[in-house]
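Let me begin by presenting the structure, written as structure tokens, before commenting on it.
Taken together, the values in this text are just the output of simple stated rules run on the coordinates, not laboratory data. The model shown is predicted, which means the values in this text are computed figures rather than measured ones. Because the Cβ atoms are built from the backbone with ideal geometry, glycine has one as well, and the counts that use them run over all protein chains shown.
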Amino acid sequence: MFAWSRRDALKRCGTGMGMLALGTMLADQSQGSEIDTNPLAPKKPHFEAKAKHVVHLFMNGGPSQVDTFDPKPALDKYHGKPLPRTNLRTERKTGAAMRSPFSFKKHGQSGIEVSEIFEATAKHVDDMCIIRSMYADVPNHEPSLMLMNCGEGRLPRPSFGAWATYGLGSENRNLPGFVVMCPGGFPIVATQNWRSSFLPGVYQGTYLDTKQTDVEKLVANIRNTQMSPARQEKQLNLLKAFNEEHLNNRKADAQLEARIRTFELAFRMQSEATDAFDITRETKTTRELYGDNLHGRQLLYTRRLIERGVRFIQVWSGAGQPWDNHDNLEKQHRKLAGDWDRAISAFLFDLKRTGLFDSTLVLWGGEFGRTPVAELPALNGRDHNHYGFSCWLAGGGVRGGTIVGATDEFGFQAVENPVHVHDLHATMLHLLGFDHEKLTYRYAGRDFRLTDVHGHVVKEMLA
Amino acid sequence: MPKMAFAILIGLVTIPLAWADKAGEDFFERSVRPILAEQCMGCHGAKIQKSSLRLDSKAAILKGGISGPVVIPGKPSESLLVQAIHQKGELKMPQGRKLSSKDINSLEKWVAMGLPWPDENSLAQPSNQQSHWAFSPIRKPKAPSQYGMHPIDAFIQKTLQEKQIKPSPQADKRTLIRRITMDLHGIPPSPEAVKDFSNSKSPKAYEELIDQLLGSTAYGERWARHWLDIARYADNKGYVFFEEKNYPWAWTYRNYVIDALNQDLPYNQFIIEQIAADQSSTRNPKSLAALGFLTVGSHFMGNTHDLIDDRIDVISRGIMGLTVSCARCHDHKYDPIPTEDYYSLYGIFRSSFEPLVPPLWETEPANEEYEFFSAELARKENSLSDFVTQKHRELVKQARERCADYLFAAYEAQKQPPADDFMLLADKGDLNPAMIARWRAFLATTKKKKSPAWQLWHQLSDLEMEQFAQASPALIQDYRENRLVSEAFKTIPKDMKEVAQRYGKLILNAERVWLESPSKEPLADKHLEELRLVLYGPDSPADAPKQMDWGFLSLLPDRASQAEYQKLIKEVETKLNEGPPRSMVLWDSERTYDPRVFLRGHPNRQGIQVPRQFLEILSPRRKPFTQGSGRLELAKAIASRENPLTARVIVNQVWMRHFGRGLVSTPGDFGVRGDPPSHPELLDWLASEFMDNGWSLKKLHKLILTSATYQQESMDRDDCLQKDPENRFLWRQNRRRLEFEPLHDSMLFVSGRLETTVGGPSFRLFTGVPRKALYGFIDRLDFPSLLATFDVPNPNASNPERSSTIVAPQALYLMNGPFVRDAATRLLNAPNIRTASTAKDKLENIMQAMFSRSPSPGEMERALEFLGQGNQQEAWLDLVHGLFLTNEFAFVD
């Protein structure tokens, strides 16, 4: 009864030619027999995936590695004095070494040292893989955000979330596949951070202003304010009857059928989405575990969305660049980490409790790190640093309790096993079941991929 | 099992047949070509062939170099290339470094596989690709002779007959008028228009309908939207640091497009004006706004190279279906576009600039208010210009006086990771980071060009610090290229700092001699002149270009000057925005830029110089451009009859918008990797006919619309589905889902609310303004997810084609958003509906307004049942709202 050609199917499913690149996966999909007209229908990756969902905790502005996950005792020794090497050139002028105002303590069986400002998070250190040798290309926010999110610093390219959703679809047809939460407005470069670019628009991140707590303000058009659900159902039944007569007069057309189905989907989506963001349905114990603050709420939404099969969730620290502490770093970092710490710890705990931990890949990090030397003239903050910084992964397929790579003795530059942002992407795609060189999309005469012509899977991160 | 899934399985079965080749080629593309391109071709490519070896084609590799063949296919261990990369024997490649073990394995595997290489000629020899259909000249084929048949139908029928498929019958009149009105105006016909057309017995009725629709301004509005997709139109710049984010006058370009289409401006002239209206004879002052085609793109945070890349992309992919941007970093992988040609185009746009104060769109108002405004503006411009002049003078002065410091800083910077791409902040009085980068680039050029005076510098600066004392005397002893430099190094310097100081002294001495010379002519002593040119030559690192735009900001790295500059430039911008609209033009720069190839796209790694000229593949007898930037010459070359692409691409575009799919189904890629045309002869015939008809788009529409092929029914037919499931051969029309704009406009139109004013500034979408969606403000920075949901393309790059997805958020918006509800309310208030005496009459009038037809008995029954007993007002509202959601409303048969 379907009369779509293969090309039409590919095109109208919103995947265009690019889906051909995923050709192998179609062959495996025989048990479903009917190719779904929904471009977000779940798809199989290249090989068996360790992780099915990604949660990216984005510390925008750039958290300092030497104050969080990369302790450097040498800075105590040189505090207030110039380093024995020339300071690498960063965005602004920097001066003498600046020791971390925070103390570090060993945690877990692995005995990995973590700063006091992430003490609660550190309880999970045996499940975390800390990459201490991250590096990026430039010390400016805009290109670094784009590199971290889209794998390219300047040119318009799709975001990681869009690629992941394009490759895997979503397991919940009633919710968007890629959700972005940022309280109070946009981070720097705004929606470019979660764009779909040349991938079909359906893979773009759906932005939620999590400062809002009311679900109607959170998700556009999610509720009809004019009609009761019963009245709407009646209306949609009438619509269906008209559409069916229209379809019968035209024999068959899969496009027409697909559109009939979207109204049924949309109707269900209303209650599903409302439900996903209704955290009053959680027990009091759970809510207390996460803490009654913004990030607690964001991460509770996150867990509820993962439970419902949403593929990729990005959670930002806040509008603008909260972690960009050029001055007053001690006070600011303590506050920012304080806002996150309990929520992250609760979130990881909750994922384990609900059995979602092993299928969820959690990434924590910023667009770059900060200099181990103080910024002039205030001398109580740090400049941007793309030469070396830390981030961590936890969950599906990640080797817990490990440290990958190292920076130099001051934490300025990645020197041991350096991991470029492209390598991080390649590794994360690997955990999602993709060969990063084969997840491609044909556009403007070229097969594009998230890692462009770069990237290596970092084996040390894999369980 | 549904047929569609079956079709997909068939598609998959065909893959393995070509698999053996394909796998090898894929492996080559993925794992080998990048290594060859990045690691080997610098020394063994088209430009340089060390040891007479080229590694850029299979033939060249097999031929080998001075050591004979370097590869024996299938025998890695016997291949010199494999031995060399293992670096175990005498020959070690690449020089001075070693490939990663992964790369070594890949090359070895590739040799073992027998050197699979996708297209023998694709890297090196463009000439052989001229045989590609789209690059060969357009010749007008004769239409197949069929008595009295429309030429389009003759071509289409010929193929159908070959496939033994019969065309579909003509659609009924109601369907036809809806289809054609939607195609040309983006709204449905009024019930009266449908009645008139249906009742007309005149054999000319259809043709008259076409003429009437093409004569209305609504035609230009509908088709302007298609063109704006290609022109990546938006009302702002995207993310920018400091400058004004909006384009306050982008709409003047939109107006230009609407007017040009409505006046049926010949397409070749339309193209020429959009690329060089400032230089072609202008019809009226407003046609300068045509240049918005180049200037409404994204601003890429002020990165000149990306901005130019975007312009190259919009003219090449947008107008010619050619993906020239692929050649930014290396020769195009598939199409015959060498990277030299990319930089030939780059030079044209680099020689053009956007003035800070663009010309007025309309004629200057002759009133006191404007005079006052004008004077104010001039004052602000002067403050800015004074500031820039003064800062620029200081900058150049400092760069000259402190050339020794800059030389040393440039040397030191080599030890740092490259910082050329950063934005750096510095303090007043510091050496300027942007200038250090210029000195670094200058030194790199002298090394490449082997400039005599600098040979010694490079020999010394290549030394490690520890070897300096030991190794420098011999180098100095042997050096004799520039007499003055030799003399300055009679004693041995202790380190590079001293070397820099001596060079600095030499340069300043040359400057002094020249300044003291009365004539200020170039110095006769060529050794002295070489040193003088360091500060006064055309490539002098000290002489940074003076600009009056945001680009100048990078030359002011200290915060205080930046703040002052920003303040001054903002004042001009703010003032401008208070005044009358202006055209977003591009002017030729006073000093043209002579482009060099940027190796691998990197502006600081410059290769050979190339002329500003057109693409060789499209103009084999090309000559370098001579008039200013060359933009007008470029425009004429693009819009030339000789260009094999321009006419083909536009007739394909027009065809696509009338059939839902082009004769070439990749409208943005006519290159080797694009889809070949389904009807190559028809495409060429249309393109020739189009040019013969004076490049008239309206005549082209009429030609297509009068064909029986266009007028067919869109019903599927089982007999044809087997033979041609994709309807490639057009045995029926294609049913099409409305894009966002016609859906939006149709709802406003049916509810009697659509404003029909043509042109003008943009309004904010979704705020209840009843204008066509065409006039909605397009925000490039925060592109509304609702638009993305409805497949309105993101204006970050040229979009020759939209995708057509069907997803739930579209439904959600229609079901719950206020827009449709409002349309329903208003439609119920239309006089003939509000006053209808019976429910049946009311429904009849509603259905006529929305679908130009009466309800069927079944529909009538269901509607009456739905209305039932409850609150009639609410029920009618729900009903009409529901009808707006139907497939019938959202599709064109």
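Observations on the structure shown:
- Dipole moment magnitude, nearest 20 debye, chain B about Cα centre, only Lys, Arg, Asp, Glu C-beta charged: 1700
- Note on segment B:785-883: percent of Cα-Cα distances in each 5 Å bin, starting at 0 and stopping at the bin with the largest distance, equals 2, 11, 19, 18, 15, 12, 9, 7, 4, 3, 1.
- Simple spin-label estimate for B:S136 and A:A230 in nanometres, 7 Å along Cα-Cβ: 7.2
- Qualifying lysines (Cα of each under 23 Å from Cα of B:K286; at least 8 residues distant if same chain): B:K237, B:K575, B:K636, B:K698, B:K772
- Dividing the alpha-carbon radius of gyration of segment B:465-518 by the rule-of-thumb value 2.2 N^0.38 Å gives 1.31.
- Here, segment A:231-275 has an Rg and a Dmax of 12.0, 39 Å when only alpha carbons are counted.
- Calculated on the alpha-carbon coordinates, the convex hull of segment B:156-211 measures out at 106 cubic angstrom per residue.
- Distance cut-off 26 Å, percentage of C-alpha pairs in segment B:626-769 lying past it: 46
- Of all DSSP-defined beta bridges confined to the protein assembly as shown, some 55% are antiparallel rather than parallel.
- Semi-axes of the equivalent ellipsoid for segment A:309-371, Cα gyration tensor, largest first, Å: 27, 14, 9
- Listed by chain and number, the aspartates and glutamates whose alpha-carbon sits under 13 Å from that of A:K106, ignoring those within fewer than 8 places in the same chain, are A:D70, A:E116, A:E119, A:D126.
- Beta bridge orientation in chain A: antiparallel %, DSSP, nearest 5: 50
- Convex hull per residue volume in Å³, alpha carbons only, for segment B:517-567: 121
- q = 0.11, 0.12, 0.20 Å⁻¹: log10 I(q)/I(0) that the Debye formula gives for segment A:117-188, counting C-alpha atoms only: -0.46, -0.54, -1.11
- Where the Cα pairs of segment B:129-177 fall when distances are cut into 5 Å bins, in %: 5, 16, 15, 16, 17, 15, 9, 5, 2, 1
- Charge dipole magnitude, Cβ of K and R +1, D and E -1 - the protein assembly as shown, Cα centre, debye nearest 20: 1560
- Rounded to whole Å, sorted largest first: equivalent-ellipsoid semi-axes of segment A:115-237, Cα gyration tensor: 34, 21, 15
- Summarising the amide proton neighbourhood of A:E367: residues at separation of 5 or more, or on other chains, whose placed amide H is nearer than 5 Å comprise A:G61, A:G62.
- Whether segment B:622-661 is rounded, prolate or oblate, judged on the alpha carbon gyration tensor where a/c under 1.5 counts as rounded: prolate
- Förster radius 60 Å - calculated FRET efficiency between B:C329 and B:S190, Cβ distance, rounded to 0.05: 0.65
- Crossing angle, helix A:254-276 versus chain A [Cα axis fit, 0-90 degrees, rounded to tens]: 50
- Fraction of beta bridges assigned by DSSP in chain B that are antiparallel (%, nearest 5): 85
- If the segment from B:Q722 to B:E464 were pulled out straight at 0.36 nm per residue, it would be longer than the present Cα-Cα gap by 85.5 nm.
- Cα-based helix-to-principal-axis angle, A:229-249 vs chain A, degrees rounded to 10: 60
- Put a dot 7 Å past the Cα of B:T574, heading toward its Cβ, do the same for B:Q212, and the two dots end up 5.4 nm apart.
- Values of log10 I(q)/I(0), in the order q = 0.13, 0.17 Å⁻¹, for segment A:172-270 under a Debye, Cα-only, solvent-free model: -0.65, -0.93
- In order along segment B:534-546, the Karplus-derived 3J(HN,Hα) couplings, from 6.51 cos²θ - 1.76 cosθ + 1.60 at θ = phi - 60°, round to 4, 9, 10, x, x, 9, 4, x, 7, 9, 5, x, 8 Hz, and Gly and Pro are given as x.
- Binning all Cα-Cα separations of segment B:255-297 at 5 Å, short to long from zero, yields these whole-percent fractions: 5, 26, 39, 24, 6, 0.
- At the listed q of 0.09, 0.10 Å⁻¹, the Debye profile of chain B, built from one uniform point per Cα, gives log10 I(q)/I(0) equal to -1.10, -1.26.
- Taking the charge dipole of the protein assembly as shown about its Cα centre, with +1 at Lys and Arg Cβ atoms and -1 at Asp and Glu Cβ atoms, the residue from B:F408, B:I152, B:L787 reaching farthest to the positive side is B:I152.
- Along each principal axis, taking the top coordinate minus the bottom one, the Cα set of segment B:424-474 gives 41, 27, 14 Å in descending order.
- Cα-centred dipole magnitude for segment B:129-198, charges only on beta-carbon of K, R (+1) and D, E (-1), debye, nearest 20: 220
- Here the alpha carbons of chain A define both size measures, Rg and Dmax, at 23.3, 84 Å.
- Our note on the geometry: Cα centres of segment B:537-576 and segment A:209-257, 54 Å apart.
- For the pair B:E243 and B:K494, label points projected 7 Å from Cα toward Cβ lie 4.9 nm apart.
- Amide H within-cut-off set for A:H420, under 5 Å, with H built and near neighbours excluded: A:Y135
- Span from the segment A:321-367 Cα centroid across to the segment B:381-403 one, whole angstrom: 48
- For segment B:512-617, the Stokes-Einstein estimate of translational diffusion at 20 °C and a viscosity of 1.002 mPa s comes to 116 µm²/s, using the Kirkwood hydrodynamic radius over alpha-carbon pairs.
- Dividing the radius of gyration of the alpha carbons in the protein assembly as shown by their Kirkwood radius gives 0.97 for Rg/Rh.
- Considering only A:N249, A:G309, A:L265, and ranking their Cα positions along the charge dipole of segment A:249-316 that arises from unit charges at the beta-carbon of Lys, Arg, Asp and Glu, the one farthest toward the positive end is A:N249.
- Derived from the Cα gyration tensor, the three semi-axes of the equivalent ellipsoid of segment A:407-463 are 27, 14, 6 Å, largest first.
- Cross-link reach list, aspartates and glutamates versus A:K234, counting only Cα pairs under 16 Å and skipping chain neighbours closer than eight places: A:E244, A:E264, B:E859, B:E861, B:E865, B:E874, B:D878
- Here the extension length gained between B:K98 and B:S619 equals 183.4 nm, from 0.36 nm per residue of separation less the Cα-Cα distance.
- Degrees, to the nearest 10: B:173-185 long Cα axis against longest axis of chain B: 30
- Extreme residue, positive dipole direction of the protein assembly as shown, given options B:V654, B:Q848, B:L475 (C-beta unit charges): B:L475
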